[in-house]
Amino acid sequence: MEGPFPGLRELHKKLLQAAPLHEDVQASAALLMPGIASGAHTHSAIHENVGTVTTPSLDSVSTAWLPRDATLLQLSLIQILIIKAENLCTEPKVRRQYSHVVELLQQNGVDSTIIALFNSSDKVLSHISAKCLSSLVLYQLKFQNEVNAHWIQFCLNTLGEDLGSRTLTPCLMTLMSVCKGFLMDERIRKADHLLQIMVALEDVFVGFCSTSITRLSVMECQPPPLKAESSSQLSCLLDLLEVLVALKIELKLNVSLCRHVLSVILPQALDLMSVPVPYFVKKQVILVLKRCLLYKAGEDLLPSPYNICNQQGAASDEELAILATTLLNAVHHGWLLQVPSSDRSSSFGGANEGSERGPDLVFLGAASLSVLKALEIQFHNKSYSSIGQGYIECSEMPMCMAHILNFLKPHLGWKEPVHLCEWVSLTFIEQDDDMLEVAKSLLQMYLLNPRLHSTTNDIEKDIWKLSSHQCGINPHCIFLFLLKNVLFDSSVLLDFLISSETCFLEYFVRYLKLLKRDWPQFCLSCNILDKSATLQLHGVDNDLICPMQAVSMSSDAQEIIYSPHVAPSTVPGPKNKSPCSHRSDSESSSSLGALQRLVEYDSSEDSESEMSPGDPRLVPPHPAGPDSSDLDKPMKKLGLTAMGSVFQTTSVSVGILQKSAQCLQDLQEAINRLHRKKLFPYNPSALLRLLTHVCALSKE
């Protein structure tokens, strides 16, 4: 006996084509009603339009009446029906017909019927039922201007039950899907229905969340079947928490439920690092934490690109400040040491035999960036609260950086890098957006903390004693390592400048302003990095030339390290290279596969005739004269020389200073060309002035 399958197959074809329903509309609604024994019985019920809706028991939705596959097909077809009824591309007459079918299903309690399926032990059936109910609830919000009362009552009942309930996961799924709908659909953003839902669920949800994270983590110690179920529930809850924070940020939803998530629930979730929950759950906690602290919660769901104005509101968010303070207190008590790191995997939380070996840089980077953003938020709040009371320093920064570096060292597998500032490049080599967020945060806090870059006139002794070097946050070194990672390719920087996915423009403008007034330190950083590269070519191990170790060396040892004329016999022999050894250019190139250019710039190249030699907007290249810098004397004491002459005293054919200056000049010229052709997406005049000034410094 085929039962309803022939009719469902025919209905499926018509819905896919958005074709009219030639048969009786009531018959179509009866055919779609899940879990009803006979089409004739359903047809009669729909014609009668019974006023009271009864919820069928799970027994009535059994395979004795209707096969499981038929129920799944009915649920899927209801979703397709709703999609076609919402779609403006569907013919108006057909849309009205489909909407009538949806209304008939609602009048006969399809929502209660679907909710009954949530208690099934069949996870597929429960999952599809949750998706179907979410579509139905959102349809009512958009086109019937009402909140589904049966769904609200179901959520209230489930959140008040024991955490082991089968209906908890579909309850969280429907809540998350409906909240996502408010983020993604402009048609319901301005309505008061979201506020109505939040107010209705606030008390019971807050009570649920106050105990759920702790109890779910304890339940992870139970037998495997319960462990898998509770892990799924915890993961779904974390998704929902992020969406609630996104609603607070994007829709300016100032309700206590959303505020409670930031100030209470997410701080509680930090404790999950110390309990035996699966690795993918801990990774999800860190990623949600990072996006919330960056004020980018739910960014993947938004219909438009992320707006940088969001971060400007982060500094004044009181609940976010509470989260930041809680995280920093946890870090000072060893929280980072509890954060695990598994091998990287191309499947989120799953098993993949083909996964590359190496640390999970996404996880490590997210944890490090979260701590930095928390520190930045706390510093901004202290600054705002002390306006008119004098200058405020970020005294916690050196301690936080020590925690971050100690956290990263065992995971990345290096004893000491050649340069502590290299941690940014090593950790974020695969994530340019997070790398630039880190660079921006470090630069901002560096600029607001004079002690990090204060020095004396005895520059050759002070260069590695600067707090910015010892903490791994020197902005010149971080920028130079960034240029090295992109192989000094100006077109990659141009991609960053016109991309809405990174904060590079904001970071770059701030850094160029610093570079204008701190050019000597930039030159010295370039030459120090050149010297490190030279010694590596001579076979000196990274551990032997670590700048932090060089500070405590004898003067003879320092002379060996910094002198460009050391005989090979006086240099210690090579050891086994640590994993922190510099990558070769070919290795760096292979890691840049993700840096795809957003625009082909060849079409914008100017011909030679278009380039006027006297064009004031461009800085013509010319070699710098030797010994032209005031920094020459102290640099010579270090065994270094300024500008172009340094490249003749080392085995490096082209030095970092020359490569960096050429990269910035190429970038300036590319922006000029695009701007003249009106192809640049915004007015780059201020940026060009900064670049022109810096390029001029490199030619003096």
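Shown is the FRET efficiency for K678 and S274, computed with R0 = 51 Å from the Cβ-Cβ distance and rounded to the nearest 0.05: 0.35.
Between the beta carbons of S500 and Q338, assuming R0 = 41 Å, the FRET efficiency works out to 0.70 to the nearest 0.05.
What the Cβ-Cβ distance of L301 and A149 gives, at R0 = 25 Å and to the nearest 0.05, is a FRET efficiency of 0.45.
In terms of the mean number of neighbouring beta-carbon atoms within 10 Å, the peptides 369-380, 112-123, 683-694, 149-160 order highest first as 369-380, 112-123, 149-160, 683-694.
What full-extension length gain, to one decimal in nm, is calculated for H100 and N406 as 0.36 nm per residue of separation minus the Cα-Cα distance? Please report the intermediate quantities before stating the final value.
Values: separation 306, 0.36 × 306 = 110.16 nm, distance 6.35 nm.
103.8 nm is the gain from fully extending H100 to N406.
Counted residue by residue at 0.36 nm each, then reduced by the alpha carbon distance between them, the extension gain from E202 to K513 reaches 107.2 nm. Rounded to the nearest 20 debye, the dipole magnitude of the range 99-228 is 340 debye, with +1 charges on Lys and Arg beta carbons, -1 on Asp and Glu beta carbons, and the Cα centre as origin. Count Lys and Arg as plus one, Asp and Glu as minus one, and take only other residues whose Cβ is under 12 Å from that of S263; the net charge is then -1.
Neighbours of A246 by Cβ distance under 9 Å: Lys/Arg scored +1, Asp/Glu scored -1, total +1.
Going by average Cβ neighbours within 10 Å, how do the peptides 96-109, 427-440 rank, with the highest at the top? Don't skip to the end; give the middle numbers.
Numbers: 96-109: 19.5, 427-440: 21.5.
Answer by packing, highest mean first, reads 427-440, 96-109.
For the cross-link pairs K190/K440; K14/K296; K513/K659; K84/K282; K14/K131; K373/K513, the ones whose C-alpha atoms lie over 30 Å apart are K190/K440; K14/K296; K84/K282.
Grab the Cα-Cα distance for D185 and A686, subtract it from 0.36 nm times how many residues apart they are, and report the gain in nm with one decimal. Don't skip to the answer; put the middle values down first.
Working: separation 501, 0.36 × 501 = 180.36 nm, distance 3.71 nm.
Here the answer is 176.6 nm.
Using a simple spin-label model with pseudo-atoms 7 Å out from Cα toward Cβ, N87 and D122 lie 2.7 nm apart.
Bear in mind that the values in this text are calculations on the coordinates, not laboratory data. The structure presented is a predicted model; accordingly, all values stated were derived computationally and were not measured. Reconstructed Cβ throughout: ideal geometry from the backbone, glycine too, with neighbour counts over all protein chains shown.
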